[in-house]
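Visitor: If you scroll down you'll find the structure; I have some questions about it.
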Amino acid sequence: MTEEDKELPANWRWRSDRRFDEPAVIFDMDGVISDASHRQRFLDVDPPDWANFNSRAWKDPVIADGVDAVRAAARDHVVVVVTARPLITIDMADSWLERHDVPVDLLVLRPEGDERHSPAVKRDELARLRAAGARIVSAVEDHPGIVKMYEQEGVSVRYVHSGYYDDIGEV
Ligand SMILES: [Mg+2]
């Protein structure tokens with residue numbers, strides 16, 4: 001652990017020796033690089049079954065277009081995954097990226113105890129990334145509300161249609 005890593009937020013994990021000396025690209029995980037469609041049914045019940053939804057993420061197939069985009073970006077950018085998955089699942093996310101050879105430099109999950117909607121969580125993580133020196137040039141995201149948030153914050157966004165949000169209207 002380096003001096004600067006002692007200041008690392010508890011929900012951040014560096015996975016390489018890279019730091020913010022190159023421009024950075026943010027990728028979402030579910031619906032962008034990992035295919036969560038096999039576990040969406042756990043959210044279609046009232047109340048949503050988050051425990052089963054989250055614990056099955058290790059089985060997600062890769063989304064080839066998303067992973068190709070990560071690999072292309074990684075040539076000359078720091079790749080940051082910002083996901084609203086709960087912090088308790090960080091080891092699963094880390095090993096999934098390792099298993100599928102997805103070159104993510106920094107993994108950022110939802111902070112422990114933060115139960116706000118995903119756009120609010122990701123807005124704060126964007127601010128923390130910038131404060132830490134990240135020069136965010138773009139983001140890739142499938143959640144319409146998060147796409148809107150990134151645009152409001154001046155980040156160029158590539159929207160990916162996953163179909164997960166087709167019936168939730170305004171988010
Ligand atoms: Mg997503």
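The values are calculated or read from the model by the stated rules, or taken from the named source; none is laboratory data. Treat the numbers as computed from the prediction; the structure is a model and nothing was measured. Here Cβ is always computed from backbone atoms with ideal geometry, including for glycine, and neighbour counts include all displayed protein chains.
Visitor: Restricting the search to segment 84-132, which residues are farther than 21 Å from K59 by Cα, among the charged types (D, E, K, R) and in contact with a strand residue (DSSP E or B) (Cβ under 6 Å, 6 or more places away or on another chain)? Please lay out each step first, then the result.
Guide: Taking segment 84-132 first, the residues farther than 21 Å from K59 by Cα are 105-106, 111-132.
Adding the requirement that they be among the charged types (D, E, K, R) leaves 105, 112, 114-116, 122-125, 128, 130.
Within segment 84-132, D105, K122, E125 qualify.
Visitor: May I pose another question? For segment 10-28: of the residues being away from the ligand (no atom under 16 Å from the Cβ) and of a type in the set (F, W, Y), which is nearest to the chain's Cα centre (by Cα)?
Guide: From segment 10-28, those away from the ligand (no atom under 16 Å from the Cβ) are 10-24; that's our starting set.
If we keep only those that are of a type in the set (F, W, Y) too, we end up with 12, 14, 20.
Working: W12: 11, W14: 13, F20: 17 Å.
Taking the candidates together, the pick is W12.
Visitor: OK, next. Could you look through segment 112-154, keep only residues that are in a helix (DSSP H, G or I) and closer than 16 Å to V78 by Cα, and pick out the one that is farthest from the ligand (Cβ to nearest atom)?
Guide: First, the residues of segment 112-154 that are in a helix (DSSP H, G or I): 118-131, 144-152.
Now narrow it down to the ones that are closer than 16 Å to V78 by Cα: 125-126, 128-131.
Details: E125: 14, L126: 15, R128: 19, L129: 17, R130: 21, A131: 24 Å.
Ranking the candidates gives A131 first.
Visitor: Within the group A36, A64, which residue is among the aliphatic types (A, V, I, L, M) and within 15 Å of the ligand (Cβ to nearest atom)?
Guide: Only one candidate qualifies: A36.
Visitor: Okay, moving on. If you go through segment 47-56 one residue at a time, do you hit one that is farther than 15 Å from P103 by Cβ, buried (at least 16 other Cβ atoms within 10 Å of the Cβ), within 16 Å of the ligand (Cβ to nearest atom) and without any contact (Cβ under 8 Å) to a residue 24 or more places away in the chain?
Guide: Yes, segment 47-56 contains a residue that is farther than 15 Å from P103 by Cβ, buried (at least 16 other Cβ atoms within 10 Å of the Cβ), within 16 Å of the ligand (Cβ to nearest atom) and without any contact (Cβ under 8 Å) to a residue 24 or more places away in the chain.
Visitor: Quick check on segment 80-89. Is at least one of its residues touching a helix residue (DSSP H, G or I) at 6+ places or on another chain (Cβ under 9 Å) and more than 16 Å from the ligand (Cβ to nearest atom)?
Guide: So the first thing to find is which residues in segment 80-89 are touching a helix residue (DSSP H, G or I) at 6+ places or on another chain (Cβ under 9 Å), and the list is 80-86, 88-89.
Adding the requirement that they be more than 16 Å from the ligand (Cβ to nearest atom) leaves 88.
The answer is yes, given that some residue of segment 80-89 is touching a helix residue (DSSP H, G or I) at 6+ places or on another chain (Cβ under 9 Å) and more than 16 Å from the ligand (Cβ to nearest atom).
Visitor: State all residues of segment 7-50 that are assigned to a loop (DSSP other than H, G, I, E, B), of a type in the set (A, V, I, L, M) and within 12 Å of L107 (Cα to Cα); if no residue qualifies, say none. Don't jump to the end; show me each part of the working.
Guide: In the first step, residues of segment 7-50 are kept if they are assigned to a loop (DSSP other than H, G, I, E, B); the result is 8-11, 15-23, 28-29, 31-33, 35-36, 44-49.
Cutting the leftovers down to of a type in the set (A, V, I, L, M) gives us 8, 10, 29, 32-33, 36, 45.
Once the filter is applied, which keeps residues that are assigned to a loop (DSSP other than H, G, I, E, B), of a type in the set (A, V, I, L, M) and within 12 Å of L107 (Cα to Cα), segment 7-50 yields L8, A10, M29.
Visitor: Restricting to segment 135-171, and then to whatever is buried (at least 20 other Cβ atoms within 10 Å of the Cβ) and among the small types (G, A, S), can you tell me which residue is nearest to D44 (Cα to Cα)?
Guide: S162
Visitor: Is it true that S118 is of a type in the set (S, T, Y), closer than 28 Å to L43 by Cα, in contact with a His (Cβ under 7 Å, 6 or more places away or on another chain) and in contact (Cβ under 8 Å) with a residue 24 or more places away in the chain?
Guide: Details: of a type in the set (S, T, Y): yes; closer than 28 Å to L43 by Cα: yes; in contact with a His (Cβ under 7 Å, 6 or more places away or on another chain): yes; in contact (Cβ under 8 Å) with a residue 24 or more places away in the chain: yes.
It is true that S118 is of a type in the set (S, T, Y), closer than 28 Å to L43 by Cα, in contact with a His (Cβ under 7 Å, 6 or more places away or on another chain) and in contact (Cβ under 8 Å) with a residue 24 or more places away in the chain.
Visitor: Then there is this: Restricting to segment 94-122, name every residue that is within 22 Å of E7 (Cβ to Cβ) and crowded, with 17+ Cβ neighbours inside 10 Å.
Guide: Let us first name the residues in segment 94-122 that are within 22 Å of E7 (Cβ to Cβ), namely 94, 104-114, 121-122.
Residues satisfying the conditions are V104, D105, L106, L107, V108, L109, R110, P111, V121, K122.
Visitor: Go over the candidates S95, S37, S55 one by one and state the one that is at pLDDT below 95 and over 24 Å from Y159 (Cα atoms).
Guide: Numbers: S95 fails: at pLDDT below 95; S37 fails: over 24 Å from Y159 (Cα atoms).
Testing whether each residue is at pLDDT below 95 and over 24 Å from Y159 (Cα atoms) leaves just S55.
Visitor: Among the residues that make up segment 85-104, is at least one of them more than 26 Å from D21 (Cα to Cα) and assigned to a strand (DSSP E or B)?
Guide: yes
Visitor: Can you give me the number of residues within segment 57-75 that are under 17 Å from D105 (Cβ atoms) and either touching a Leu at 6+ places or on another chain (Cβ under 8 Å) or surrounded by 15 or more Cβ atoms within 10 Å (Cβ to Cβ) (or both)?
Guide: Matching residues across segment 57-75 total 6.
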